[in-house]
Structures are given as structure tokens and as C-alpha cells.
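The values are calculated or read from the model by the stated rules, or taken from the named source; none is laboratory data. These numbers come from a predicted model, not from an experiment. Glycine gets a Cβ as well: all are built from the backbone with ideal geometry, and neighbour counts include every protein chain shown. The area values use the complete protein model at the heavy-atom level, side chains included, leaving out ligands, DNA and RNA. Shrake-Rupley method; radii C 1.70, N 1.55, O 1.52, S 1.80 Å.
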Amino acid sequence: MKTNVSRILTGLILAATAASAQTTPPAKETVAPATPPPRAAGFKAGEIAPPLAVAEWVKGAPIPQLAKGKVYLVEFWATWCGPCIGNIPHLNSLQKKYGKDGLVVVGFSNPDVALGEETKRKENNTLEMVRAFVAGRGDRMDYHVAYDTPDKATYKSWMNTQGGIPHAFLIDREGRLAVNYHPFYMDDAVRQVLAGTWDHATGYPRLRRSSALYGTVLGAKTYAEFQAGYGEMEKEFPFIARRMLDSKFDRARLARDEPQFTATALALLVAAREEGDAAQLVAIVRGQLSPPAPARLQELPAQATPEIRERIEAANIRARQRAEDEKTALKLPLDMLAQMADAACEITANTDPAALSAKARVARARGDAPAAVALLRQAVALSSDRERPAYETQLAELK
């Protein structure tokens with residue numbers, strides 16, 4: 001599975017709530033992670049971490065054992081997992097920021113189906129897929145990556161009853177489990193475990209508070225509710241608020257709040273350059289230069305229960321309102337969109353087809369068809385088999 005910005009635009013699990021309120025797609029798989037499930041039974045806080053059984057270290061020098069004196073963030077992920085892919089820039093930033101303090105990030109992947117397991121599930125996360133995925137990201141996945149043994153030994157000993165991914169474990173300097181939670185919310189916990197100040201009794205309530213507040217902000221029904229919730233997030237969890245700038249941008253866009261709209265666009269540009277993540281910029285360029293989508297209404301089943309009927313009707317009301325709001329939504333100047341597209345290509349070293357396609361959209365909007373054609377040809381050449389038809393269609397339409 002190839003890795004590029006266009007896949008990052010998949011969005012995360014809670015994005016279903018926000019989907020009816022966004023035309024510009026959420027750019028990070030950062031935008032809506034699932035509320036973390038309960039901690040796994042059997043591997044408890046304070047216990048020595050089980051060993052990592054590894055079939056292959058796909059990236060980074062092998063780690064024969066978790067060394068004392070280091071803090072390890074071990075995240076379980078898969079190539080097909082949108083939220084996992086969206087969290088990669090976040091893990092990169094953690095490794096870059098805290099590596100000097102002893103943090104070692106390990107992305108741990110495993111087969112979907114263990115050797116000898118009888119199941120109808122299709123294997124969709126092979127070692128070959130993981131190798132190709134990691135190679136495609138280059139230094140945009142700049143931390144250790146390991147692949148489990150055929151019997152999923154590490155997955156079984158670490159994840160145990162924990163089912164959802166991405167899921168991360170923070171191992172302290174003594175080799176003991178300190179934190180077990182969704183990695184999206186772990187920034188403060190990482191800092192505290194490194195400093196030796198992590199307090200289990202107070203730390204977990206804050207983690208739960210951060211994930212609950214995140215869901216509240218994304219699910220806000222009005223712009224005023226969103227602003228209030230986002231303000232709380234900025235005060236309590238600024239590192240999460242920073243990763244929600246794309247949602248703030250879209251809400252301001254639809255609410256026609258020009259000061260916030262412009263300021264947030266500039267903040268997104270700065271954040272993308274600092275974090276080396278172009279996904280949000282690509283999403284904005286694409287959304288701003290695409291015609292508004294018509295309202296997507298759900299049909300009522302012939303024998304819908306009153307509860308289902310009420311839910312579908314409410315969703316259709318939101319969809320119609322969204323379509324109306326799009327008619328008067330704010331637009332960024334073309335020069336600003338050009339800056340974003342240029343930055344996206346610079347961040348991805350002109351190797352990401354989605355970023356190149358965004359730059360082609362800007363060229364087309366400026367009337368520079370030759371430049372747009374050249375950029376789309378690059379996008380076609382660099383795209384995966386699955387994505388290539390879409391870029392070929394754009395190229396054909398332009399020609």
C-alpha cells in the first residue's frame with residue numbers, strides 16, 4: 001500500500017460525525033481518532049513489558065531488548081488503518097522532539113491473520129506490504145518499524161484483549177508499562193514519563209478528558225459551540241488544538257468568520273512547515289478549488305423504525321444546511337492557495353502525487369495549462385495503481 005498525502009485524507013474514525021460539516025476533507029488522519037477503548041487486561045501498569053518478538057526490523061537498527069534508561073513508545077498499526085496513517089506525522093514529531101531525551105518510537109505491525117488461524121478474514125497487512133509502505137514514506141516515517149512473527153506473538157502478548165488500532169504503550173526507563181492509550185492524546189504523558197513525573201492516578205483522567213473533549217469539539221452542532229469547545233481545548237490541551245486547526249479553518253469558512261478564517265489559514269501553513277506534514281494544505285487547496293458538492297441525502301428504508309427515520313431525517317436536514325452554507329462560504333485568495341500548494345510540494349520533495357495535483361489545480365486556476373499538465377503527468381508517474389486512474393482522468397480533462 002502506497003503512502004502519500006491522498007491516503008492521509010481518509011480521515012479518522014470519528015470523522016463520520018464531522019463529515020456532514022466539512023467539504024474540505026479532514027487532512028490528518030489527526031482529525032478524528034476513536035475514543036480509546038479500555039486498557040488491555042493482562043499487561044498492567046507497573047508490570048515489566050513483554051519482549052518484542054520480531055520477524056523483521058523494517059526500518060531502524062534492531063532493538064534486541066528494551067534497554068533500561070530509555071522510554072519506548074510502541075504503537076500498533078497497519079497499512080490499511082487510516083487513523084494509523086494519520087498519526088504518523090505525530091509520531092515523527094514526538095521522536096524528533098524527544099529523541100534527545102531518550103524517547104524511542106517503534107511502529108509495530110503484524111499479520112492480520114496468524115499462522116494456522118482458521119478465519120475467513122483476508123490477509124491485508126503482509127510483510128511485503130509493510131516494507132513497501134515504509135519505503136514509500138521515506139523520512140516522513142522517521143522512527144523504528146518492526147513486523148511481528150507469523151504467529152503474532154508480540155501482538156498477542158502486548159495487545160491481549162485490546163482490539164482497536166492505533167494503540168500505543170509507553171514503557172518507562174525501568175522497562176515497565178507506564179501508559180496504555182490512544183497515541184493521539186499522549187503528548188503530555190510522553191513528556192511526564194521522560195521526566196519521571198507521570199502519575200497514574202491523575203494522568204489517566206486527563207487522558208480521558210482530552211479524548212472526550214475532542215469528541216465534543218468535533219461534534220459541536222453550532223459554530224458558537226465549536227468556538228467554546230475549541231477554546232477549552234486550547235487552554236487544557238494546546239497540542240491537540242494545534243492538530244485541529246483544519247477543523248477550525250473549515251468551521252470559520254462556513255460561518256463566514258473572516259478574521260478567524262484568515263488567521264487559521266496562516267497558522268496551518270506555519271504548522272505544516274514546522275511538522276513536515278502537507279496533508280492539511282493539500283486538503284484546503286483541493287476543497288477551495290473544487291465546486292461545492294451537492295447535498296448528499298439518505299433514503300429512508302421502506303420499513304424504517306421511528307428511531308431510524310428520525311436519525312435519517314436529521315442527517316438530511318444537516319446535509320441541506322451544509323449545501324446552503326457552501327454557497328456563501330469564504331474563499332482564500334489564489335495567491336494564498338499557491339503558497340499552500342508550493343509548501344506541500346516542498347514538504348514532500350515533489351514526490352507526492354496529491355501535492356503535485358494540488359499545485360496543478362492552482363496552475364489551472366491561473367490559466368497556466370502547460371504547467372498544470374506537466375504537474376499532473378508527474379502525479380500520474382508517481383501514483384499507485386489504485387490512485388492512477390483518478391490522476392489520469394484529471395489530466396485527460398485538462399488536455
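Of all residues in segment 314-335, one or more are out of contact with any strand residue (DSSP E or B) (no Cβ under 8 Å at 6 or more places or on another chain) and closer than 30 Å to residue 137 by Cβ. Just a yes or no: is a residue in segment 223-230 within 21 Å of residue 186 (Cβ to Cβ), within 21 Å of the chain's Cα centre (by Cα) and open to solvent by 60 Å² or more (accessible area, probe 1.4 Å)? Checked against the condition, which is being within 21 Å of residue 186 (Cβ to Cβ), within 21 Å of the chain's Cα centre (by Cα) and open to solvent by 60 Å² or more (accessible area, probe 1.4 Å), segment 223-230 yields no hits at all.
When the helices (runs of 4 or more DSSP H) confined to segment 207-276 are screened for residues that are in contact (Cβ under 8 Å) with a residue 40 or more places away in the chain and touching a helix residue (DSSP H, G or I) at 6+ places or on another chain (Cβ under 9 Å), those reaching at least 2 such residues are found at 238-242, 245-255, 258-275. Within segment 279-294, restricting attention to residues that are at pLDDT 80 or above and hydrophobic (A, V, I, L, M, F, W, C), the residue that is surrounded by the fewest Cβ atoms within 10 Å (Cβ to Cβ) is 289.
Mind checking whether some residue in segment 89-100 is over 23 Å from the mean Cα position of the chain (by Cα), surrounded by 13 or more Cβ atoms within 10 Å (Cβ to Cβ) and not β-branched (Val, Ile, Thr)? Looking for residues that are over 23 Å from the mean Cα position of the chain (by Cα), surrounded by 13 or more Cβ atoms within 10 Å (Cβ to Cβ) and not β-branched (Val, Ile, Thr), one finds none in segment 89-100, hence no. Restricting the search to segment 247-278, which residues are in contact with a Lys or Arg (Cβ under 9 Å, 6 or more places away or on another chain), at pLDDT 95 or above and charged (D, E, K, R)? 253, 257 - these are the residues of segment 247-278 that are in contact with a Lys or Arg (Cβ under 9 Å, 6 or more places away or on another chain), at pLDDT 95 or above and charged (D, E, K, R). Taking (1) closer than 19 Å to residue 179 by Cα; (2) touching a helix residue (DSSP H, G or I) at 6+ places or on another chain (Cβ under 8 Å); (3) among the hydrophobic types (A, V, I, L, M, F, W, C) in turn, residue 106 satisfies each apart from (2). For segment 113-122, the set of residues classified as open to solvent by less than 80 Å² (accessible area, probe 1.4 Å) and under 13 Å from residue 151 (Cα atoms) consists of 113, 114, 116, 117, listed by residue number.
This table checks each residue for (1) open to solvent by 30 Å² or more (accessible area, probe 1.4 Å); (2) closer than 25 Å to residue 109 by Cα; (3) in contact with a strand residue (DSSP E or B) (Cβ under 9 Å, 6 or more places away or on another chain); (4) at pLDDT below 95.
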| site | (1), (2), (3), (4) |
| --- | --- |
| 140 | yes, yes, no, yes |
| 147 | no, yes, yes, no |
| 159 | no, yes, yes, yes |
| 167 | no, yes, yes, no |
| 186 | no, yes, yes, no |
| 211 | no, yes, yes, no |
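Checking each residue in segment 315-338 for being touching a Leu at 6+ places or on another chain (Cβ under 9 Å) and either of a type in the set (Val, Ile, Thr) or open to solvent by less than 90 Å² (accessible area, probe 1.4 Å) (or both) picks out 315, 316, 319, 322, 325, 326, 328, 329, 330, 334, 336, 337.
For segment 308-316, the criterion of a residue being in contact (Cβ under 8 Å) with a residue 24 or more places away in the chain and closer than 25 Å to residue 249 by Cβ is satisfied by at least one position.
For segment 101-111, name all the residues that are farther than 14 Å from residue 140 by Cα, open to solvent by less than 20 Å² (accessible area, probe 1.4 Å) and either at pLDDT below 95 or not hydrophobic (A, V, I, L, M, F, W, C) (or both). 102, 109, 110, 111 - these are the residues of segment 101-111 that are farther than 14 Å from residue 140 by Cα, open to solvent by less than 20 Å² (accessible area, probe 1.4 Å) and either at pLDDT below 95 or not hydrophobic (A, V, I, L, M, F, W, C) (or both).
Applying a threshold of 9 Å to beta carbon distances and a minimum spacing of six or more residues, or different chains, the list of pairs starting in segment 386-399 at a residue that is surrounded by 11 or more Cβ atoms within 10 Å (Cβ to Cβ) and ending at one that is of a type in the set (Val, Ile, Thr) reads 388/380; 391/380; 392/380; 394/380; 395/373; 395/380; 398/373. Can you pull out every residue in segment 188-200 that is open to solvent by less than 10 Å² (accessible area, probe 1.4 Å) and among the small types (Gly, Ala, Ser)? Matches in segment 188-200: 189 only. Against the conditions (1) open to solvent by 60 Å² or more (accessible area, probe 1.4 Å); (2) at pLDDT 85 or above; (3) more than 25 Å from the chain's Cα centre (by Cα); (4) β-branched (Val, Ile, Thr), residue 312 satisfies every one except (1). For segment 360-374, the set of residues classified as open to solvent by 20 Å² or more (accessible area, probe 1.4 Å) and without any contact (Cβ under 8 Å) to a residue 24 or more places away in the chain consists of 367, 368, 370, 371, 374, listed by residue number.
One residue stands out in segment 31-83 among those that are over 27 Å from the mean Cα position of the chain (by Cα) and open to solvent by 70 Å² or more (accessible area, probe 1.4 Å): the one that is modelled with the lowest pLDDT, namely 44. Condition first: touching a residue at least 12 places away in the same chain (Cβ under 8 Å) and not hydrophobic (A, V, I, L, M, F, W, C). Now tell me which residues in segment 323-345 satisfy that. Once the filter is applied, which keeps residues that are touching a residue at least 12 places away in the same chain (Cβ under 8 Å) and not hydrophobic (A, V, I, L, M, F, W, C), segment 323-345 yields 325, 326, 327, 328, 331, 339, 342. Against the list (1) open to solvent by 50 Å² or more (accessible area, probe 1.4 Å); (2) not in a loop (DSSP other than H, G, I, E, B), the condition residue 180 fails is (1). Does segment 295-309 hold any residues that are open to solvent by less than 80 Å² (accessible area, probe 1.4 Å) and under 26 Å from residue 326 (Cα atoms), and which are they? Of everything in segment 295-309, those that are open to solvent by less than 80 Å² (accessible area, probe 1.4 Å) and under 26 Å from residue 326 (Cα atoms) turn out to be 295, 300.
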